[in-house]
Amino acid sequence: MSENPNAEALLRILDRLPSAPWSTRIDPVTLAMEWVYLSPRVVELYGMTEAEIQGGPSALGHRVVAEDGVRIRQQMADS
């Protein structure tokens, strides 16, 4: 846990949500992605192992329906 009480409160809230929230960071130069926050429920939701998920956000890319891939890549580029 963080030494920041606000961050700790936010993590407690996120862990109680009935969804699977996550956040990533993308390097604008290399486009490398990393998890900022990842709900443990993501493993269940995507049917992947924790090791696969911890490999980074790009590990979820093969779970995206092909028709959605273009839109998602464009949104990531825009962000």
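The values are calculated or read from the model by the stated rules, or taken from the named source; none is laboratory data. This one's a predicted model, so the numbers in the text were calculated from it and none came from an experiment. We place every Cβ from the backbone using ideal geometry, glycine too, and count neighbours over all the protein chains shown. Accessible surface areas use protein heavy atoms only, side chains included; no ligands, DNA or RNA. Shrake-Rupley method; radii C 1.70, N 1.55, O 1.52, S 1.80 Å.
Tabulated data
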| quantity | calculated |
| --- | --- |
| Residue 60 being modelled with pLDDT of 85 or more and surrounded by 13 or more Cβ atoms within 10 Å (Cβ to Cβ) | no |
| Residue within region 64-76 that is within 13 Å of the chain's Cα centre (by Cα), open to solvent by less than 80 Å² (accessible area, probe 1.4 Å) and modelled with pLDDT under 85 present | yes |
| Residue under evaluation residue 45, criteria (1) in contact (Cβ under 8 Å) with a residue 24 or more places away in the chain; (2) touching a helix residue (DSSP H, G or I) at 6+ places or on another chain (Cβ under 7 Å); (3) open to solvent by 80 Å² or more (accessible area, probe 1.4 Å), criterion not met | (2) |
| Qualifying positions in region 43-65 - of a type in the set (Ser, Thr, Tyr) and part of a helix (DSSP H, G or I) | 46, 58 |
| Test: residue in region 57-65 that is touching a residue at least 12 places away in the same chain (Cβ under 8 Å) and out of contact with any helix residue (DSSP H, G or I) (no Cβ under 9 Å at 6 or more places or on another chain) | yes |
| Any hit, region 20-42, residues being open to solvent by 70 Å² or more (accessible area, probe 1.4 Å), out of contact with any Cys (no Cβ under 9 Å at 6 or more places or on another chain), modelled with pLDDT of 90 or more and part of a helix (DSSP H, G or I) | no |
